[in-house]
């Protein structure tokens, strides 16, 4: 039997156990004051079933098998073993849980912060953009979920660092989706636009590292304490909450999420915040708001709040971007959703239909202006990036006018 210790804020809160047959289970006994590890399973002295464990761990690892294989190859382990991968890169995962072996548990639980220049970051981004599958480099022990290529670094004192050992990362840097023009820029502006509309969104910047464009996202699951140390904050994505493997992330419906949120202790205010986020993604014409792109903060009683929105990007102007990840009233085509579908959705999730329509109307009326303000606040060095963003704004204005028309169709 092999064991990894699950450590939260310096205290052991559970174990990841692999038996001699390779079956892996999470054990999370009840501990007073400790956050729920996941709302997909309750604290118990009995280990969680392997299927639930598999879905939970999958949310901590890259979605794509070829990325996991590349990382596993560098580390000398099998990409088919979640336990083996977590043992190597589980020191800094999404949320607050660290997976530590006996030596790490007994040691100083520290590591080095190795300075990296803008040129060094640019080189890493360029390799990812060229198709390199391994997101990390030797010495790093972080893991992130999702499908987009990315790196995780620590920014401290105005200097970027690679976090080695058990050090925490503070930011996620993404080069954008290579097949989509100026996608990193569009993602940043999309996020900022939703922020201007009053939604809670992750902090982000659009940056050129030398000649490499990237969106830099501040991790909302990391908080700087008064002494300057970086503290991990526990959260999980909604694939983990619903015990859904990332390969099935597009099958999770908003109605499923609302049911799980309520069952997991979310307030009605939290449910309404999720509903507003779903509406915002439709108005923005953002096709990729699946269950992995929403997260919740967890406390002892379960869901404490919806996490800030992240990985939000309008798909206007890109191919194969006309379908919503989560539809309304059975309709997922971004251009075919009507007021009737929103009212059906409101009934299904138990919220006021009039409020849903009013929220959608307000967002559609203000979204182009919010996008324009976000554009104005973003330094853009390249004329082709600026041109694409201006074209995107025109498309968004046309789409929002269409949304306002469709909202009138309530029968």
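Rule-based calculations on the coordinates, nothing more; no lab input. Computed from a predicted model, the values in this text were never measured in an experiment. Glycine gets a Cβ as well: all are built from the backbone with ideal geometry, and neighbour counts include every protein chain shown.
The angle separating the long axis of helix 254-263 from the principal Cα axis of greatest extent in the chain is about 50 degrees.
Peptides 356-365, 223-232, ordered by how many other C-beta atoms sit within 10 Å of their residues on average, highest first, read 356-365, 223-232. Of the peptides 180-191, 311-322, 329-340, the order by per-residue mean of other Cβ atoms within 10 Å, starting with the highest, comes out as 180-191, 311-322, 329-340. Reported to the nearest whole Å, the Cα centre-to-centre distance from the range 375-411 to the range 1-62 is 44. Using a simple spin-label model with pseudo-atoms 7 Å out from Cα toward Cβ, residue 218 and residue 395 lie 3.0 nm apart.
If you build a Gaussian network model of the chain, linking Cα atoms that sit under 10 Å apart, which residue out of 299, 22, 107 swings the most? Ranking 299, 22, 107 by mean-square fluctuation puts 107 first.
So the label point goes 7 Å from the Cα of residue 31 along Cα→C-beta, right? Which residues of the range 234-263 then have their backbone N under 17 Å from it? The answer is 234-236. With a simple spin-label model that places each label point 7 Å from the Cα along the Cα-to-Cβ direction, the separation between residue 268 and residue 103 comes to 5.5 nm.
To the nearest ten degrees, helix 268-283 and the longest principal axis of the Cα atoms of the chain are 60 degrees apart.
Seen against the Cα atoms of the chain and their longest principal axis, helix 339-349 is set at about 30 degrees. Computed across the range 2-106, the Kirkwood hydrodynamic radius from all distinct Cα-Cα pairs reaches 14.0 Å. Stretched out straight at 0.36 nm per residue, the stretch from residue 402 to residue 69 would grow longer than its current Cα-Cα span by 115.5 nm. The packing ranking, built from the mean of other Cβ atoms within 10 Å per residue, places the peptides 203-210, 44-51, 172-179 in the order 172-179, 203-210, 44-51, highest first.
Recomputing Kirkwood radius over Cα pairs in Å from the coordinates shown identifies the correct label among [x] 22.9; [y] 22.0; [z] 25.7 as [y].
Per-residue ellipticity at 222 nm, computed for the chain from helices alone with -39500 (n - 2.57) per DSSP H run of at least four residues, works out to -11500 deg cm²/dmol.
At a Förster distance of 45 Å, what's the computed FRET efficiency of residue 387 paired with residue 12, Cβ-Cβ distance as r, to 0.05? Efficiency, from the Cβ-Cβ distance: 0.25.
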